[in-house]
Amino acid sequence: RPAPTIGSNASLSPGLGLAGGTIERDLASFLQLAVQHDVHATVIESYVRSSEYHRGWVLRQLAAEDHIGSGVIAVLGLAYKPDTASTKNSASLELLQHLGGQSVRVHDPQAQSNSLASSVTRCSTWTDAVTEADAVVVMTAWSNYAEIDVTTLARLMRGRLVLDPFGVLDADAMSANGLNHRVLTRGG
């Protein structure tokens, strides 16, 4: 059962900016109305800019690693959030567009996408996706990704870089296995 999106039991956590499309559409409409009625919307403009900045975090991290440019990137998660098969406005699909031509392997436990480039290989398991990968990126905070055995992950990977914007993976286990674990909310 999906987590509630509003109310006291809603799951709120830092991540890759606004997702899902609805709120971005609503904010764009609000900004358009603000212009039409000559109303300042500085706070809303700041939300949108902040979201855009956070959505670019993974790409900036990968770009800083020159050796990964010709390597294999494993992307875990296509859905815009856990517990849904929806990829509408998915940060993962946006990332894949920017990685055009790069060798990429993806896994998602539910979400499907018919818009994957020919350089993207869909894998049936996370282990298939990360095998011989130069970098691993967790783009959807699925609970089963939190259960990944980090020793197995480290053994299967060729590289050491793991980008985990949501902090899904066990940080202590990542360090103990010699992985370069970067989390958006921890100085990334």
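Name the single residue that is most open to solvent (accessible area, probe 1.4 Å) among those in region 95-123 being hydrophobic (A, V, I, L, M, F, W, C) and part of a strand (DSSP E or B). Top of the filtered list is V120. Of the residues examined, R182 is one that is in contact with a Gly (Cβ under 9 Å, 6 or more places away or on another chain) and either buried (at least 21 other Cβ atoms within 10 Å of the Cβ) or within 30 Å of S50 (Cα to Cα) (or both).
When residues in region 59-71 are screened for being within 15 Å of G100 (Cβ to Cβ), within 17 Å of the chain's Cα centre (by Cα) and in contact (Cβ under 8 Å) with a residue 24 or more places away in the chain, 2 of them pass. Within region 37-49, restricting attention to residues that are surrounded by 12 or more Cβ atoms within 10 Å (Cβ to Cβ) and among the β-branched types (V, I, T), the residue that is nearest to V138 (Cα to Cα) is V48. The residue that is least open to solvent (accessible area, probe 1.4 Å), counting only those in region 50-72 that are out of contact with any Asp or Glu (no Cβ under 7 Å at 6 or more places or on another chain) and outside any helix (DSSP H, G or I), is G56.
Quick check on my filter: what residues within region 127-163 are without any contact (Cβ under 8 Å) to a residue 40 or more places away in the chain, touching a Phe, Trp or Tyr at 6+ places or on another chain (Cβ under 9 Å), surrounded by 16 or more Cβ atoms within 10 Å (Cβ to Cβ) and not β-branched (V, I, T)? Hit for region 127-163 is L153, nothing else.
The values are calculated or read from the model by the stated rules, or taken from the named source; none is laboratory data. This one's a predicted model, so the numbers in the text were calculated from it and none came from an experiment. No Cβ is skipped: glycine too gets one built from the backbone with ideal geometry, and neighbour counts run over all protein chains shown. Note: areas computed on protein heavy atoms with side chains; ligands, DNA, RNA excluded. Shrake-Rupley method; radii C 1.70, N 1.55, O 1.52, S 1.80 Å.
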